[in-house]
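A.B. asks: Following this message is one structure expressed as structure tokens.
FYI, it's all coordinate maths here, none of it is from the lab. None of these values were measured; they are calculated from a predicted model. So basically every Cβ, Gly included, is an ideal-geometry build from the backbone, and we count neighbours across all protein chains shown.
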Amino acid sequence: MAHIRTTLTALTVALTLGFGVAANAEMKLAVVDVQQAILASEEAKRLLGQIQEEFKTDEERIRAIQSDAAALLERAQKDAEVMSEAEKRKLQQQIDGMNNDFVYHRQKLQKSIEDRQAELFAGIDEKVKRAIEALVLDDDYDLIIPRQAALYVGDLYDITRKVTERLNDMDKS
């Protein structure tokens, strides 16, 4: 519902601005997918690689727990007919314990990654704003809206790639 409201607001703004401009003046519009522009930038790729390396050991631990639990589950299914009820219960408790460990460690890792991403990407919003402002000045845009607010946009109006290029240029400077 909020998405529809955002779209309608963007369309209303665009139409209002469009009708307010003189009939012979042309309005230059563009859209940008800010998240895509950021994630495609060299800085984001470097930061995401850094995060991956930082949490590599934790990811390996989670995969090991998952693998061990899968092996126990396979054993439980394969040997179910020859196991006593006590053995089955003990094995099920081991599987449940591993599952709980898996869920705990996975959630902890996800939270750590989200916190680290927020920390590393903290200043990038300002860079995106400066990159878009530079494009407005250089290419004389009248209106730039988020890509998600548009129902349909032809590739001609999408400046996401240009924003990414500006971000990369800013990173080199």
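A.B. asks: As I understand it, the value is the acute angle between the Cα axis of helix 124-139 and the longest principal axis of the Cα atoms of the chain; what does it come to in degrees, rounded to 10?
C.D. replies: That works out to roughly 30 degrees.
A.B. asks: Along the Cα-to-C-beta direction of Ser112, a point sits 7 Å from the Cα; which residues of region 32-74 have their amide N less than 18 Å from that point?
C.D. replies: Residues 48-67 fall inside that zone.
A.B. asks: Which angle between 0 and 90 degrees, to the nearest 10, do you get for helix 42-54 versus the longest principal axis of the chain when only C-alpha atoms count?
C.D. replies: Helix 42-54 sits at roughly 10 degrees to that axis.
A.B. asks: Sorted by packing (mean other beta-carbon atoms within 10 Å per residue), highest first, where do 86-93, 69-76, 127-134, 149-156 land?
C.D. replies: 127-134, 69-76, 86-93, 149-156
A.B. asks: Under the definition of Cα pairs under 8 Å and six or more residues apart, what whole-number percent is the relative contact order of the chain?
C.D. replies: Value for the chain: 49 percent.
A.B. asks: Which value, in debye to the nearest 20, gives the size of the charge dipole of region 49-122 about its Cα centre, when Lys and Arg are +1 and Asp and Glu are -1 at the Cβ?
C.D. replies: 140
A.B. asks: Step through the residues of region 143-154 one at a time and calculate ³J(HN,Hα) from phi using the Karplus curve (6.51 cos²θ - 1.76 cosθ + 1.60, θ = phi - 60°), rounding each to whole Hz and writing x for Gly and Pro.
C.D. replies: Working through the residues one at a time gives 8, 10, 10, x, 4, 5, 7, 9, 6, 8, 9, x Hz.
A.B. asks: Let me ask something additional. Using a cut-off of 20 Å between alpha-carbon atoms, which lysines can reach Lys108, once sequence neighbours fewer than 8 places away in the same chain are excluded?
C.D. replies: Straight-line reach from Lys108, under 20 Å: Lys56.
A.B. asks: Another question, then. Using a 10 Å cut-off on Cβ atoms, rank the peptides 36-45, 58-67 from the highest mean neighbour count down.
C.D. replies: 36-45, 58-67
A.B. asks: Please compute the Kirkwood hydrodynamic radius of region 49-122 from all pairs of different C-alpha atoms, in Å with one decimal.
C.D. replies: Every distinct Cα pair counted, the radius reaches 14.1 Å.
A.B. asks: Specify which residue in the list Ile159, Ala44, Leu72 is farthest towards the positive end of the charge dipole of the chain, using unit charges on the beta carbon of Lys, Arg (+1) and Asp, Glu (-1), about the Cα centre.
C.D. replies: Positive-end residue among those listed: Leu72.
A.B. asks: Could you calculate, for the chain, the ratio of the Cα radius of gyration to the Kirkwood radius, expressed as Rg to Rh?
C.D. replies: 1.25
A.B. asks: Can you give the charge dipole size of the chain about its Cα centre, rounded to the nearest 20 debye, using +1 on the beta carbon of Lys and Arg and -1 on the beta carbon of Asp and Glu?
C.D. replies: 340
A.B. asks: Projected onto the charge dipole of the chain (+1 at Lys/Arg Cβ, -1 at Asp/Glu Cβ, origin at the Cα centre), which of Val31, Val128, Gln94 gives the Cα projection farthest towards the positive end?
C.D. replies: My answer, from the dipole projection, is Gln94.
A.B. asks: For an R0 of 45 angstrom, estimate the FRET efficiency from the Cβ-Cβ distance between Glu87 and Leu39 and round to the nearest 0.05.
C.D. replies: For Glu87 and Leu39, the calculated efficiency is 0.35.
A.B. asks: Subtracting the Cα-Cα distance from 0.36 nm times the residue separation, let me have the gained length for Glu74 to Glu133 in nm, one decimal.
C.D. replies: Full extension of this stretch gives 15.4 nm more.
A.B. asks: Putting +1 on Lys and Arg Cβ atoms and -1 on Asp and Glu Cβ atoms, find which of Tyr104, Gln117, Thr57 reaches farthest to the positive end of the dipole of region 49-122.
C.D. replies: It is Tyr104.
A.B. asks: For every helix of n ≥ 4 consecutive DSSP H residues, a contribution of -39,500 (n - 2.57) applies; sum these over the chain, divide by its total residues, and give [θ] at 222 nm rounded to the nearest 500 deg cm²/dmol.
C.D. replies: -25000 deg cm²/dmol
A.B. asks: Report relative contact order for region 49-122 in percent, whole number only (criteria: Cα-Cα under 8 Å, sequence separation at least 6).
C.D. replies: 49
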